[in-house]
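The values are calculated or read from the model by the stated rules, or taken from the named source; none is laboratory data. None of the values given here were measured: they were computed from a predicted structure. All Cβ positions, even for glycine, are placed from backbone atoms using ideal geometry, and neighbour counts span all protein chains on display. Side chains included, ligands, DNA and RNA excluded: accessible areas come from the protein's heavy atoms. Shrake-Rupley method; radii C 1.70, N 1.55, O 1.52, S 1.80 Å.
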Amino acid sequence: MTPRLDTRRIGITWRFAACLVVGLVALGSASRAVPIEAQESTAPRAADPISEHRETIKQYCETCHNTRLKTGGLILDTLDLGKIGHDAEVWEQVVRKLRAGAMPPYGARRPDEATMTRLVGWLESELDRAGSLQPVPGRPVLRRLNRAEYANAIRDLLGIDVNVAALLPPDGAAFGFDNVADAQSSSPALLQAYLAAARKISAVAIGDPAMDVGSDTYSVRQDLSQDVYLEGLPLGTVGGLRVRHSFPVDAEYDFQVRLYRTNLNAIRGLEDPQEVELMLDGERIHAAQVGGDTDLMAAQLNPTDTSDAIEATRLRMRLFVKAGQHDVAAAFIEKTSPTFETARLRRFIRDFANPYDAEGAPHVQSITIQGPYRTAGVTTAVSDRVFVCRPANDKEQAPCARRIVSTLARRAYRRPPASTEIDALMSFYERGRSRGSFEDGVRLALRRMLASPSFVYRPEAEPQRAAQGTVYPITDLELATRLSFFFWSSIPDEPILRLGESGQLAKPDVLAAQVRRMLSDPRAEALVNNFAGQWLQLRNLRGLIPNSDMFPDFDDNLREAFEREAQLFFKSIIDEDRSVLDLMTADYTFVNDRLARHYGIPNIVGGYFRRVPLKEEARRGLLGKGAVLMVTSHANTTSPVLRGKWVLENILGAPPPSPPADLDTALKDEGPDAPPRTMREQMERHRKSPLCASCHRVMDPIGFALENFDVVGTWRTTNEAGLPLNTADTLMDGTKIADAVTLRAALLKRPDVFVQTLTEKLLVYALGRGLTPEDMPGVRAIVRRASQNGYRFSSIVEGIVNGAPFRMRMKIGANTPAGVVASR
């Protein structure tokens, strides 16, 4: 789902713009696919602007949007321009379409540019004026920590990296983001998951001698190429896997490495002898020989038993490990002898269909860690972080426990805990202490803390005596929490927490300094991963698998490179405080050797990413990024529809409606004997269908301009069927485009449209709710102020954190949802 004005508050959506084209076709005013030049408006330039703009709307809008036709469900001829604020919901949508150039549609009569500019400017100023009379911060929401936020909070509170995907169910999403309160429902299963996570994390943090044996398995994607060196693993190795694992206690643990098998269940690459190395914190702890003539012959006779025996005897070991977090890795020792490479190449040429992997490249599939066995101790680096004091005798235990609990609760709850809250936590300490040791008591108190609504949710206090509807500023501590989750997706650190406690954070100079500090902190990587990852749909890359017959060179290495390139590109805009317009136009990118080879960029060696200039203008900005091009394609073909839709949603902020329910009846299958068609010929069928034409005339030209990029972002001049590409078309406002370069130029004719779209996305992410018409005056104010500073990223962020929606709150009564984490 993509961010847009909250359609529960607004009854008019993008569909009215789409339906308008259909209405014009029916009226015969757009019967030919030729542009109609912008006409000098005949509307009088009256001293009273209302008269001028009423006449403009009457000439160019009301011919379809009137009480008789009601095109798109929109009626304008009955609205009073003197009372714009009374119909803000409708006029905000009108402004959005006019700003994006979607109205009047291509083929219809259009006013000249000056008239259009005056109309839009006047509508916006009237909407802003009406909004300033009674600023509203938007409805308050109670937000729950999503999986990313929960993992980051545990990391910053306890110093533990947790595999949150194994602890909590996937998050829902609304308005394009998974931190939006509307998508954060509660259920008994979810609450049990939080309780189970608290139990496991507290045991790992403090150590539990009585912990049951458990196991964790870390897997590699099957399409990861492992015949090359992988970044993060020791030099001199190829392929493999490296993971960060939390060992809860000093004990023995079993390590099991598994290798990928062929469809006959034999380990891949047994033709040649290979050495598998298992490492702990970079030091070899085990090595085993796999493959060669003996193993190959045994596998040919009995592939399953042979493979099982190899893994059970040679790739399994037990080792004593000290508690704490350690790096565990498995990889193959690199072999570069001419004899080895020649033998592999000959076998590849001679026996390409060999089911035992003719390339002779074995692949690590997973590492499983199981334990603990024979526990010897519980002291860990994490427990030292938790235990800010150590009692010397029984008399000191309770005061020390209270100090530990109070210190942790202050960070976990993002505020000084009340004495009653500490008493409640101490009751759990006492229960645990009565059953065992001092550490057992602290562990149970920590477990209760991590299951508390004050940790799992982000509640904000309401004034006791304020009347319903009262608008009031949030506290400095609440501001600290909003900032830290906006930038870091995590809890506040000590500096900003102290400023919140002292009441100094809201001071303009202090706040500005903290915003700069937080954006420059490494934890701001969360803004890249969680905001840009969802806005640009980078997370979707993990589920996409291009057709291997059509794109045999694609692998997980390239998929990861696509994602990292886009992340580093967005991060450079933040770190260098560049204009956000550079997201569309920047003449540089970030590549490693794998991605450079894919893009055709020469002289790049090594798996690390580095910044490089882009000579090809078509590759510049977001529209040339492999990640964006791949998430807007199908597995076996490009999709002008998906790419056009992506641009409308994420660049222009004007998402199209969902396809009609009876789409299948509108487009009948041509049958297997139909001749191959270009993508343009296929899309022409949509444009001829009355159900499809209104949207496809808007989306398709954008997508066609990007057709020179194939499914995986490689430049091409013919399509999948070998037919020549025709990327030229006309945009919805009549602008002629020929390719990706001219499309980018056309989109940036109105740079404020893209900046406003990005601002809206950031605001949805920061507030955790969809935007309403009341928010739009504030959004436009942010964009106007940012324009004075070249649309720098910091100017947009500062506008958000200083705005009423971020700093204010409205009292509407109790806001705690049913089913918050049980207090137990």
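Here are a few things to note about the model shown:
- Which of Tyr791, Tyr457 is most accessible, then next, and so on - probe 1.4 Å: Tyr791, Tyr457
- Of all aspartates and glutamates in the structure, those lying under 19 Å Cα to Cα from Lys507, and not within fewer than 8 positions of it along the same chain, are Asp476, Glu478, Asp493, Glu494, Glu798.
- Highest-first packing order for the peptide set 208-216, 534-542 is 534-542, 208-216, based on the mean count of other beta carbon atoms within 10 Å.
- Relative contact order [Cα under 8 Å, 6+ residues apart], the chain, whole percent: 17
- Remark: the Glu684-Val213 segment gains 163.4 nm on full extension, using 0.36 nm per residue and subtracting the alpha carbon distance.
- Approximate spin-label separation Arg244-Thr407, in nm, with each point projected 7 Å along Cα-to-Cβ: 2.2
- When the solvent-accessible area of the chain is split by element, carbon and sulfur atoms take up 52 percent of it, the probe being 1.4 Å.
- The calculated FRET efficiency for Asn263 paired with Thr637, based on their beta-carbon distance and R0 = 22 Å, is about 0.20.
- Entries of Lys736/Lys761; Lys200/Lys571; Lys97/Lys761; Lys58/Lys97; Lys97/Lys749; Lys200/Lys322 with Cα pairs more than 22 Å apart: Lys736/Lys761; Lys200/Lys571
- Glu89 contributes about 70 Å² of solvent-accessible surface, heavy atoms of the protein only, 1.4 Å probe.
- Prolate/oblate/rounded call for the range 694-765, Cα gyration tensor, a/c under 1.5 rounded: prolate
- Förster radius 41 Å - calculated FRET efficiency between Ala398 and Gln504, Cβ distance, rounded to 0.05: 0.75
- Zone residues, the range 230-251, relative to Ala165, backbone N less than 14 Å from point 7 Å out along Cα-to-Cβ: 242-244
- Relative contact order, percent, the range 541-668 [alpha-carbon distance under 8 Å, six or more residues apart]: 23
- Cα gyration tensor, the range 156-195 - rounded (a/c under 1.5), prolate or oblate: oblate
- Gap separating the Cα centres of the range 236-298 and the range 564-615, nearest whole Å: 34
- Estimated D of the chain in µm² per second, where Rh is the Kirkwood radius over Cα pairs and Stokes-Einstein applies at 10 °C, 1.306 mPa s: 53
- Remark: the range 458-537 is approximated by an ellipsoid whose semi-axes, taken from the C-alpha gyration tensor as √(5λ), come to 25, 17, 10 Å, largest first.
- Glu616, Glu124, Glu252, reordered so the largest accessible area comes first (probe 1.4 Å): Glu616, Glu252, Glu124
- Take Leu408: with every protein chain present and a 1.4 Å probe, its accessible area is about 20 Å².
- Protection proxy ranking, peptides 195-202, 261-268, 167-174, average beta carbon neighbours within 10 Å, highest first: 195-202, 261-268, 167-174
- Rough spin-label spacing in nm, given labels placed 7 Å along Cα→Cβ, for Gln325 and Ile545: 3.2
- Cα shape, the range 99-241, gyration tensor, a/c 1.5 rule: oblate
- A cut-off of 5 Å between modelled amide H atoms, ignoring neighbours fewer than 5 places along the same chain, links Thr237 with Glu334.
- If a spin label sat at a point 7 angstrom from the Cα of Cys389 along the line to its beta carbon, no backbone N atom of the range 424-441 would be nearer than 14 Å.
- Cβ-Cβ FRET estimate between Lys335 and Thr718, R0 fixed at 60 Å, reported to 0.05: 0.90
- Accessible surface for the chain, divided over its residues, is 43 Å² per residue with a 1.4 Å probe.
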